[in-house]
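Step one of this worksheet: look at the structure below.
Any read-out appearing in this document is the output of simple, stated calculations on the displayed coordinates, not a laboratory observation. Note that this is a predicted model, so its numbers are computed, not measured. Cβ coordinates were reconstructed from backbone atoms using ideal geometry, including for glycine residues, and neighbour counts include every protein chain displayed.
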Ligand SMILES: C[S@@+](CC[C@H](N)C(=O)[O-])C[C@H]1O[C@@H](n2cnc3c(N)ncnc32)[C@H](O)[C@@H]1O
């Protein structure tokens, strides 16, 4: 689609400066082909800020830390679903039933959804784990993080449109969802008990600071590595591994590969790895 040229050209050197900043700090690679995409996504910011050219926007960006967060929000790809790659949730249920959570520190299962988007992955984990709680008798906490503030807002609110209902197994729909009575805007909300066990925060997976002092039993980082080149993937993997307990499990997306990275991980199931 042709974009109306309201703000003139996004010059190559402005594109390169913004692109290399995003790559260096957030790992997202804006190849030359993505110039049109960046231009169209930044248009809303220029309009909002009353800035009349991309060059002025670039100057504004590099002098205003807060703007960087808004820009990242515009360029991140946040596609997600409830129970996406459902076999992971089935596998998780199976290993918990078979004793994975039998000897937890403080009897508490700690889970991190890294690159959580609008929360569907974190709440799918919460439903799967909560459902086994009475059978197994443990506590659990889900931590979830992303670099996009708008998806984190949706995740915290935990309100979703009705058309996503069919992604959630029927038993969980009955147990964990509150349905709105508003027929003009039908939505559902995740129940308070699950929301109380789930915490969302801003965290850049390339950060040198730790996400948390905690080490996790389970980390889901799915469909996020694919946006990074190999060098960045290795940095992110080391960051994830330092947050994983020995014997803990890391779940990646099915299309993501960590072959030849020399990591202390052993494959235990397709795209599921145990820390040695
Ligand atoms: C495609 S979504 C995947 C969501 C979910 N994990 C799933 O599989 O459905 C990828 C998410 O990673 C986030 N992301 C991208 N770069 C990141 C970074 N450097 N640190 C943290 N999150 C990042 C994006 O904002 C986006 O919400």
Quiz item: Which value at 222 nm does the chain reach when only helices count, each DSSP H run of 4 or more adding -39,500 (n - 2.57), with the total divided by all residues and rounded to the nearest 500 deg cm²/dmol?
Solution: -12000 deg cm²/dmol
Quiz item: Spin-label point model (7 Å from Cα, Cβ direction): what's the residue 104 to residue 229 distance in nm?
Solution: 4.0
Quiz prompt | Spatial separation of Cα centroids for region 1-43 and region 164-232, in angstrom | solution = 29
Quiz item: Angle between the Cα long axis of helix 120-130 and the longest principal axis of the chain, 0 to 90 degrees, nearest 10?
Solution: 10
Quiz prompt | Exposure proxy order (Cβ contacts within 10 Å, fewest to most) of 249, 244 | solution = 244, 249
Quiz prompt | 0 to 90° range, to nearest 10: angle between helix 230-242 axis and the chain longest Cα axis | solution = 40
Quiz item: Using a Gaussian network model of the chain with C-alpha springs under 10 Å, which one of 168, 219, 142 is most mobile by mean-square fluctuation?
Solution: 168
Self-check item: Alpha carbon centroid spacing (whole Å) that separates region 244-276 from region 96-110
Solution: 19
Quiz item: Using a Gaussian network model of the chain with C-alpha springs under 10 Å, which one of 127, 261, 71 is most mobile by mean-square fluctuation?
Solution: 261
Practice problem: Take the alpha-carbon centre of region 124-149, take the same for region 59-91, and report the distance between them in whole Å. | Solution: 21
Exercise. Residues in region 97-121, backbone N under 14 Å from the label point at residue 135 (7 Å along the Cα-to-beta-carbon vector): list them, ranges by number please.
Key: 97-102
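Once you sort the root eigenvalues of the Cα gyration tensor of region 45-181 as a ≥ b ≥ c, which label holds: rounded (a/c under 1.5), prolate (a/b larger than b/c) or oblate (the other case)?
Prolate shape, in that a/c is at least 1.5 and a/b is the bigger ratio.
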Quiz item: Expressed as an acute angle from 0 to 90° and rounded to the nearest 10, what is the orientation of the C-alpha long axis of helix 87-97 relative to the principal long axis of the chain?
Solution: 30
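Once you have a ≥ b ≥ c as the square roots of the Cα gyration tensor eigenvalues for the chain, tell me rounded if a/c is under 1.5, and otherwise prolate or oblate according to whether a/b is larger than b/c.
Here the chain falls in the oblate category.
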Quiz item: Efficiency by 1/(1 + (r/R0)^6): what FRET value for residue 53 and residue 156, r their Cβ-Cβ distance, R0 = 30 Å, to the nearest 0.05?
Solution: 0.25
